[in-house]
């Protein structure tokens with residue numbers, strides 16, 4: 001049995017520490033767990049019911065929905081922008097919430113982690129992402145958290161994949177997410 005986890009990164013910046021955190025998660029995923037870093041969130045248009053029609057959503061949104069539909073769980077990586085989650089991550093959640101009651105993350109285990117420059121590691125943004133994903137239908141693991149403060153200095157010379165404390169925290173998150181996703185993957 002293999003568990004597929006879709007990783008959505010809320011930062012589009014090439015050198016994003018949250019992207020590096022997602023890369024670390026994929027690198028250190030235990031055997032039997034595949035973490036797919038989703039590419040293409042920048043291409044997904046802002047959610048608009050006028051373009052989310054029965055005949056089909058825009059191609060970029062349809063690809064996102066398909067990737068989430070094929071995953072057993074979702075792992076969100078959120079930096080903090082002005083005290084909340086980035087628009088690109090909120091937009092992805094909005095697309096994944098539809099159609100109402102039957103969205104691509106409906107009932108799927110969802111965990112939220114992240115890093116930010118501030119002293120709390122983006123906890124406000126991550127709390128907002130948990131709230132939004134839960135309202136969107138995801139089975140959010142409310143007690144599964146990893147907020148890493150001081151990203152700019154902490155990861156200036158060290159990739160998160162090479163930080164033992166970060167790897168330990170990510171491993172625990174992945175194990176808890178996998179435990180929730182495993183029955184569905186079986």
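The values are calculated or read from the model by the stated rules, or taken from the named source; none is laboratory data. Values in this document were obtained by computation on a predicted structure and should not be read as measured data. All Cβ positions, even for glycine, are placed from backbone atoms using ideal geometry, and neighbour counts span all protein chains on display.
Taking the residues in the stretch 78-103 that are assigned to a loop (DSSP other than H, G, I, E, B) and in contact (Cβ under 8 Å) with a residue 40 or more places away in the chain as candidates, determine which candidate is farthest from residue 166 (Cα to Cα).
Top of the filtered list is 98.
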Taking the stretch 1-28 as the region of interest, how many residues are in a loop (DSSP other than H, G, I, E, B), crowded, with 16+ Cβ neighbours inside 10 Å and under 15 Å from the mean Cα position of the chain (by Cα)? 3
Give the residue that is nearest to the chain's Cα centre (by Cα), with candidates limited to residues of the stretch 134-150 that are in a loop (DSSP other than H, G, I, E, B) and under 25 Å from residue 118 (Cβ atoms). 149
Breaking point among (1) under 15 Å from the mean Cα position of the chain (by Cα); (2) over 27 Å from residue 175 (Cβ atoms); (3) not in a loop (DSSP other than H, G, I, E, B), for residue 64: (2)
Among the listed residues 138, 122, identify the single one that is out of contact with any helix residue (DSSP H, G or I) (no Cβ under 6 Å at 6 or more places or on another chain), at pLDDT 95 or above, buried (at least 23 other Cβ atoms within 10 Å of the Cβ) and closer than 16 Å to residue 79 by Cβ. 122
Please determine whether any residue of the stretch 109-118 is in a helix (DSSP H, G or I) and in contact with a helix residue (DSSP H, G or I) (Cβ under 9 Å, 6 or more places away or on another chain). no
Qualifying residues in the stretch 151-185 (those that are in a helix (DSSP H, G or I) and more than 19 Å from the chain's Cα centre (by Cα)) - the one surrounded by the most Cβ atoms within 10 Å (Cβ to Cβ): 154
Matching residues in the stretch 40-55 - criterion: being buried (at least 16 other Cβ atoms within 10 Å of the Cβ) and assigned to a loop (DSSP other than H, G, I, E, B): 44, 47, 52
In contact (Cβ under 8 Å) with a residue 12 or more places away in the chain and within 16 Å of residue 68 (Cβ to Cβ): which single residue out of 181, 125 fits that description? 181
Please indicate, with yes or no, whether at least one residue in the stretch 56-76 is loosely packed, with under 14 Cβ neighbours inside 10 Å and in contact with a helix residue (DSSP H, G or I) (Cβ under 9 Å, 6 or more places away or on another chain). yes
